[in-house]
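These notes concern the structure reproduced below.
No value in this document is a laboratory result; all are computed from the given coordinates. Computed from a prediction, not measured in an experiment: that's the story for all the values here. Reconstructed Cβ throughout: ideal geometry from the backbone, glycine too, with neighbour counts over all protein chains shown.
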Amino acid sequence: MEKSYSYPIDYDWTKEQMEDVVNVWRMVELAYEKGIDREEFLMKYKKFKKVIPAIGEEKRWGKKFEEISNYSLYRVVKEAQTSTRKMIHLTEK
């Protein structure tokens, strides 16, 4: 089921920074819809953290994303960091 909403981004970011953030939003979405490769997510998340390094800011952006998508950045990050499985697939709360 394709969902239609726009990803939260800051228009002050560079094009590359926006892409790094959007890549993580897409991965979070896929983690719930189809499943994702854990290592690939962690690589993209590392780039995301260069754009949004502060935990408080990450929580704020994650909350914005969750409000529009119902998908939790926090849950995907936690699963990726604690799991040893190659694929991550979460179900909505």
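Considering only alpha-carbon pairs that sit under 8 angstrom and 6 or more positions apart, the relative contact order computed for region 36-88 is 54 percent.
Working note: Cα gyration tensor of the chain, eigenvalues times five, square-rooted, sorted largest first, giving semi-axes of 20, 16, 12 Å.
With the convex hull constructed from alpha-carbon coordinates only, region 36-88 shows a mean projected area of 3.5 nm² over all directions. Compared with the dominant principal axis of the Cα atoms in the chain, helix 15-33 is inclined by about 30°. Loop-located GluC sites (Glu not before Pro) in region 1-56 (DSSP state not H, G, I, E or B) with no more than 16 neighbouring Cβ atoms inside 10 Å: 2. Taking other C-beta atoms within 10 Å as the exposure proxy, 20, 10, 37 rank 10, 37, 20 from fewest upward. The trypsin sites (Lys or Arg not before Pro) of region 1-69 that meet both conditions, a loop assignment by DSSP and at most 11 other Cβ atoms within 10 Å of the site Cβ, are 3, 34.
Each residue of region 54-64 was assigned a 3J(HN,Hα) from its phi angle through the Karplus curve 6.51 cos²θ - 1.76 cosθ + 1.60 (θ = phi - 60°); the sequence is 6, 4, x, 5, 4, 4, 5, 5, x, 5, 4 Hz, with glycine and proline shown as x. In percent, rounded to a whole number, the relative contact order of the chain is 37, using alpha-carbon pairs under 8 Å and six or more apart.
Can you sort 83, 72, 6 by how many other beta carbons sit within 10 Å, fewest first?
Values: 83 11, 72 20, 6 8.
By the 10 Å Cβ count, ascending: 6, 83, 72.
Bridgeable lysines around residue 15 (alpha carbons under 25 Å apart, same-chain partners fewer than 8 residues away excluded): 3, 44, 46, 47, 49, 50, 59, 63, 64.
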